[in-house]
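The values are calculated or read from the model by the stated rules, or taken from the named source; none is laboratory data. None of the values given here were measured: they were computed from a predicted structure. Cβ sites come from the backbone with ideal geometry, for glycine too, and all protein chains shown count toward neighbours. Note: areas computed on protein heavy atoms with side chains; ligands, DNA, RNA excluded. Shrake-Rupley method; radii C 1.70, N 1.55, O 1.52, S 1.80 Å.
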Amino acid sequence: MIQSEAAARLRAEAAKRILLTDGAFGTMIQAYRLTEAGYRGSLDLGHDQKGNNDLLAITQPHVVAEITEAYLEAGSDIVSTNTFNANAISQADYGAEHLVRDINVASAQIARNAARAAVAVDGRPRFVAGALGPTNKTLSLSPDVNDPGFRAIGFDELKDVYREQVDALVDGGVDFILIETIFDTLNAKAGIMATLEAGIARGREIPLMISFTVTDMSGRNLSGHSIESFWASVRHAKPLTIGLNCSFGAPQLRPSVAALSPIADTLLMVYPNAGLPNDLGQYDEAPETTGGFMGDWAREGLINIVGGCCGTTPAHIKAMAQAVAGKVPRTIPAAARQTFLAGLDPMRIAA
């Protein structure tokens, strides 16, 4: 299998400095105040399309391009595609599942073109991550409290949904596949399998970026896994990056970051929300505050790549870039040579 040149370049850059990924798309899209007709464009769709942010890649591509360019100007080394819900399950809510491939290819091309233009300006490498969200289904839990054994979807079905998205993103030109906001570990494993199978079919490596989300203050995701047991569950995939995103602001995520940093033998990428939302669901944390938290993490040697999730803007990314500039990136630990298993909690078997 042909190894990824982009992954090798990213590792080389990450050895020199702490890198920046981008911030939220939703926050930025809201600022455009698009109407339903703005989302729909000229498409003949039977459902209301307002809020279908992924669709903008084909109906309002300039919006997605402007946001991506703003993050690159703020200092992002990695930009992600606006495809969090660009899968057949999520798009079925809008009656747009037949557009999944078009959306993903278009979004990947927008990000690729923006990254290429940024490189042309200063020569610094830029990377594109194809984003896969968790969908609104869960493999680990029943949606019916009266039938705990019921599942709304099966593993193979979800894997196929992800495979369609992965193939389209790679065809559009992404460097990596980012499986993010992982609330169900089994969902993530379906995405991992889809990506590995896509790589085998193409005869080349498709690097994986994997990002866990904490759903409550216990430090676990919705399927009950701690960050340590999650790592034990996915490390077989040899991801390019592992880390956390969304859920809370930086202070609430720090214990999980500190737990993962010494055990993960790969790059660690974290992109928290801009604090906790207020009563109106808005995020009030100032860019300088978020940047300050990232600066603290950098001084403690916890991180390799940082960015923002819900509520963050290019101003937040710029503040983070300033805060981590000149700081030494996290040292990647050697892999422990022992059996490392996971249920809801990890179990190590000593040699």
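Summary table below
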| quantity | calculated |
| --- | --- |
| Tally, over segment 176-195, of residues that are acidic (Asp, Glu) and either touching a Lys or Arg at 6+ places or on another chain (Cβ under 9 Å) or open to solvent by less than 10 Å² (accessible area, probe 1.4 Å) (or both) | 1 |
| Every pair of residues 6+ apart whose Cβ atoms lie under 7 Å, when the first sits in segment 59-73 and is more than 13 Å from His316 (Cα to Cα) while the second is charged (D, E, K, R) and buried (at least 19 other Cβ atoms within 10 Å of the Cβ) | Thr59/Arg40 |
| Evaluation of Val119 against (1) open to solvent by 60 Å² or more (accessible area, probe 1.4 Å); (2) over 25 Å from Asp102 (Cα atoms) (one fails), failing number | (1) |
| Selected residue [at pLDDT below 95, of a type in the set (A, V, I, L, M) and closer than 22 Å to Ala88 by Cβ] from Ala198, Ala152, Ala194, Ala168 | Ala152 |
| Filtered residue count, segment 16-39, keeping only those that are in a loop (DSSP other than H, G, I, E, B) and not acidic (Asp, Glu) | 11 |
| Criterion violated by His316 - all others in (1) under 30 Å from Ser140 (Cβ atoms); (2) crowded, with 21+ Cβ neighbours inside 10 Å satisfied | (1) |
| Identity of the residue in segment 258-280, in contact with a helix residue (DSSP H, G or I) (Cβ under 7 Å, 6 or more places away or on another chain) and of a type in the set (Val, Ile, Thr), that ends up nearest to Met217 (Cα to Cα) | Val270 |
| Candidate set from segment 234-290 (those that are in contact with a strand residue (DSSP E or B) (Cβ under 7 Å, 6 or more places away or on another chain) and among the small types (Gly, Ala, Ser)); member that is farthest from Thr331 (Cα to Cα) | Ala237 |
| Matching helices (runs of 4 or more DSSP H) fully within segment 40-120 where at least 3 residues are at pLDDT 95 or above and under 19 Å from the mean Cα position of the chain (by Cα) | 61-74, 88-91 |
| Qualifying residue in segment 152-166 (condition: closer than 20 Å to Ile227 by Cβ, surrounded by 22 or more Cβ atoms within 10 Å (Cβ to Cβ) and touching a strand residue (DSSP E or B) at 6+ places or on another chain (Cβ under 8 Å)) | no |
| Close pairs (8 angstrom Cβ cut-off, 6 or more residues apart or separate chains): farther than 14 Å from Met209 by Cβ and modelled with pLDDT of 95 or more in segment 1-29, open to solvent by 70 Å² or more (accessible area, probe 1.4 Å) and part of a helix (DSSP H, G or I) anywhere | none |
| Counted residues, segment 1-35 - those being more than 23 Å from Leu268 (Cβ to Cβ) and surrounded by 12 or more Cβ atoms within 10 Å (Cβ to Cβ) | 7 |
| Output for segment 196-211, where each listed residue is open to solvent by less than 10 Å² (accessible area, probe 1.4 Å) and either in a helix (DSSP H, G or I) or free of Cβ contacts under 8 Å to residues at least 40 places away in the same chain (or both) | Ala198, Gly199, Leu208, Ile210 |
